Amino acid sequence: MEKNISQNGAPNPRRSFLKSSGALTAGLLLGSTLKAADTFHINGSAATPAILGGDPVRRAAWTKWPIWKPETDEQRVVDVIRSGIWSRASVVTEFEKEWAAALGVKRSLAVVNGTNALVVALNQLHIKTGDEILVPPYTFIATITAVLSNGAMPVFVDIDPDTYQIDPAKLEAKITPRTKAIMPVHILGLPADMDRIMAIAKKHNLVVVEDACQAHLAEYGHKKVGTFGNAGCFSFQNSKNLAIGEGGAVVSDDDAFMDRCFSYQNYGYPYGTMAGVVGAGSTMQGTKVRLTEYQAAIGLSLLKRLDAETTARNNNAAYLKSQLGGIPGVRPYKLYDKVTRGAFHLFPFRYSEAAFKGLPREAFLKAMRAEGIPCSGGYTVLNNQLFLKDAFESKAYQNSYPKEQLNFEKYVADNRCPENEKLCKEAVWFTQNMLLGPKTDMDDIAAAIARIQKNADKIKLAAKT
Ligand SMILES: *Cc1c(COP(=O)(O)O)cnc(C)c1O
C-alpha cells in the first residue's frame, strides 16, 4: 500500500517539501512577517498552517459533483427532449426497472423527490394521525417532515455513538401501544443495524420504512439497504450519490403495496393506468408526485456509473480511515460487523477539542478550509426545533392529539438524545465527491488534519487575538 502519511500521521517528507517550498518562498517574499522559527520547520506537519499564513496543503480542485459526461450521458436526454413526451411514460418505467434491478428488489416507483417517497410509503402503509413513529435524531429534516405530513408523531430514539445510526438497544424502551413504525435512516450512507431492527419490528408487529436517501447501493450482509423493511426510500437530489437534480423512489417486494403507491402518486388512478389519462376513474384517494421523462433519462445515464463510483468511495473511505486512525483526537465512524458495503454519502469522524489543545471545532473547520479541504460540522440538533412546535400548534394536531402530548417543552424533554447532542458538537464531514479522486486526495485530507493537530496551540492562540 502506498503510504504518504507515516504512522504518527506526519506526511511523507518528499510530498510535504514540494508543498512547503511554496511556503518558504512566500515567507521570503513577506520578509519579516514570517518568523524564522516558522520557516525553519518546513517539513511535514510542522509547516506553518495555511490559516496562519503558510502554504495550503492543497490548491487543486476537488472532484466536481454531479459528474456529467456529454459523450455518454447526453444522447438519452436529448432524445427524450426531442420526442416531446415529457410527462411520465416509458423512460420513467425503464428507470424504475433499472433501479429495482440495481437493488435486487421486485418493484420500484419513481417520484418527485426523496421526501415524497417517504410521504407516499408511510401513507400507503396506513400511517395516520395518532400513530407514533420511531425515528433517529441524527438525520436530515425530511425524515421528520414525512412523519408530520401524515399527521403522525415522531418519537426520537438516540443513536449508537460509534456508528451514528439509530441504536437498536434503545428502541424497545420507546415503544407504546400507539407505536406503528420504525424508520431507520442509513445516515451518511452507513447502514443501520437491520438484523436487530427487523427482529424488534417483528416482535412488536411494527412496519419498517427505511430512509435510504443517502445510502444508494449500501449493503448489510450482502443485501442492499432499502430492501429490508416494508419499504425503502431513496433520493436523487443533486447532492446525492445518484443525482438527477430532484427525484426519489420507493422500493419494495410487496406488489399490492407498490400498486397502491403507484395509484397514490397518480391521483389514485389504478396501477398500470397511463399518466395523463383522465377517464380511468380513481379508485383511491391520491396525489400527484410523478417524475418526468427527462429526469428519468438523466437517472439512467448516471446509474451506469453508480456501482463503480460506490466502489471508489468505499476504497477511499477505508484508506482515509486507516490514515486518520493515528492522529490523536480524530475518531472515525464505525461500521456494523455485517456491513459489506457503504454508500459514503459523507465521510464522518468525531473531533476531540481536548486532543487539539482546546481548539474549538469551528476553528478547526476554518483551518481545514484554509488548507484547501472543504468540510462541515454536519447536522445540528433536530428534535428540539421549532418546526415541531409549529406542527403541534396546528389545528390538525390540536384536534387529533391529547393536549398533554402536544406540550412542546414536555415533548423536548421526553425526546432528549444525549448521544446525538454530543455527536452534533463533535462531527466533521467530508462530502462524497471528495472520495471519488485518487488516493493522494485522501493523503491531502490526512496531511491537513495532522498539520492542524501539530499546530493546534498556535492556531488557537491566533484565533483568540
Ligand atoms: C436528502 C434526504 C431526504 C430527502 O430527499 P429529497 O430528495 O431531498 O427530498 C430524506 N432523508 C434523508 C436522510 C436525506 O438525506
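Considering only segment 203-221, state which residues are farther than 22 Å from Q295 by Cβ and within 12 Å of the ligand (Cβ to nearest atom).
V209, E210
Which one is nearest to the ligand (Cβ to nearest atom), of the residues in segment 185-197 that are touching a Phe, Trp or Tyr at 6+ places or on another chain (Cβ under 7 Å) and on the phi < 0 side of the Ramachandran plot?
Filtering segment 185-197 for residues that are touching a Phe, Trp or Tyr at 6+ places or on another chain (Cβ under 7 Å) and on the phi < 0 side of the Ramachandran plot, the one nearest to the ligand (Cβ to nearest atom) comes out as I187.
Which is within 20 Å of I127 (Cα to Cα) and within 16 Å of the ligand (Cβ to nearest atom), of I200, I182?
Every option except I182 fails the conditions.
Of everything in segment 222-236 that's in a loop (DSSP other than H, G, I, E, B) and of a type in the set (F, W, Y), which residue is farthest from the ligand (Cβ to nearest atom)?
The qualifying residue farthest from the ligand (Cβ to nearest atom) is F228.
Can V112 be described as open to solvent by 40 Å² or more (accessible area, probe 1.4 Å), aliphatic (A, V, I, L, M) and within 15 Å of the ligand (Cβ to nearest atom)?
Against the criterion (open to solvent by 40 Å² or more (accessible area, probe 1.4 Å), aliphatic (A, V, I, L, M) and within 15 Å of the ligand (Cβ to nearest atom)), V112 qualifies.
Considering each residue of segment 311-321, count those that are hydrophobic (A, V, I, L, M, F, W, C) and either outside the structural domain of K454 (by TED's automatic domain parsing) or open to solvent by less than 10 Å² (accessible area, probe 1.4 Å) (or both), and give that number.
Selection size over segment 311-321: 2.
Kindly check whether there is at least one residue in segment 415-438 that is open to solvent by less than 40 Å² (accessible area, probe 1.4 Å), touching a His at 6+ places or on another chain (Cβ under 6 Å) and under 30 Å from A308 (Cβ atoms).
So far as segment 415-438 goes, yes, one or more of its residues are open to solvent by less than 40 Å² (accessible area, probe 1.4 Å), touching a His at 6+ places or on another chain (Cβ under 6 Å) and under 30 Å from A308 (Cβ atoms).
Being surrounded by fewer than 21 Cβ atoms within 10 Å (Cβ to Cβ) and under 17 Å from V111 (Cα atoms) is true for just one of E246, E210, E293. Which residue is that?
None of the other options fit; the residue is E246.
Between a residue in segment 227-242 that is over 22 Å from H126 (Cα atoms) and open to solvent by 10 Å² or more (accessible area, probe 1.4 Å) and any residue that is within 11 Å of the ligand (Cβ to nearest atom) and assigned to a strand (DSSP E or B), which pairs come within a Cβ distance under 9 Å, given they are 6 or more apart or on different chains?
Here the result reads Q237/G245; Q237/G248; N238/G245; K240/F234, each pair linking segment 227-242 to a residue that is within 11 Å of the ligand (Cβ to nearest atom) and assigned to a strand (DSSP E or B).
Taking G130, is it open to solvent by less than 40 Å² (accessible area, probe 1.4 Å) and of a type in the set (G, A, S)?
Yes; evaluated as a whole, the condition is true for this residue.
What are the residue pairs meeting all of these: first residue in segment 269-288, first residue among the polar types (S, T, N, Q) and open to solvent by less than 60 Å² (accessible area, probe 1.4 Å), second residue at pLDDT 75 or above and in a loop (DSSP other than H, G, I, E, B), Cβ atoms under 8 Å, and 6 or more apart or on different chains?
T287/Q265; T287/Y267
Please work out which one of (1) polar (S, T, N, Q); (2) part of a helix (DSSP H, G or I); (3) within 12 Å of the ligand (Cβ to nearest atom); (4) more than 24 Å from V78 (Cβ to Cβ) is the condition N241 fails and give its number.
Checking N241 against (1) polar (S, T, N, Q); (2) part of a helix (DSSP H, G or I); (3) within 12 Å of the ligand (Cβ to nearest atom); (4) more than 24 Å from V78 (Cβ to Cβ), the one that fails is (2).
The values are calculated or read from the model by the stated rules, or taken from the named source; none is laboratory data. Bear in mind the structure is a predicted one, so any value in this text is a computation, not a measurement. Neighbour counts run over all protein chains shown; Cβ positions are idealised from the backbone, glycine included. Heads up: the accessible areas ignore ligands, DNA and RNA and are worked out on the full protein's heavy atoms, side chains in. Shrake-Rupley method; radii C 1.70, N 1.55, O 1.52, S 1.80 Å.
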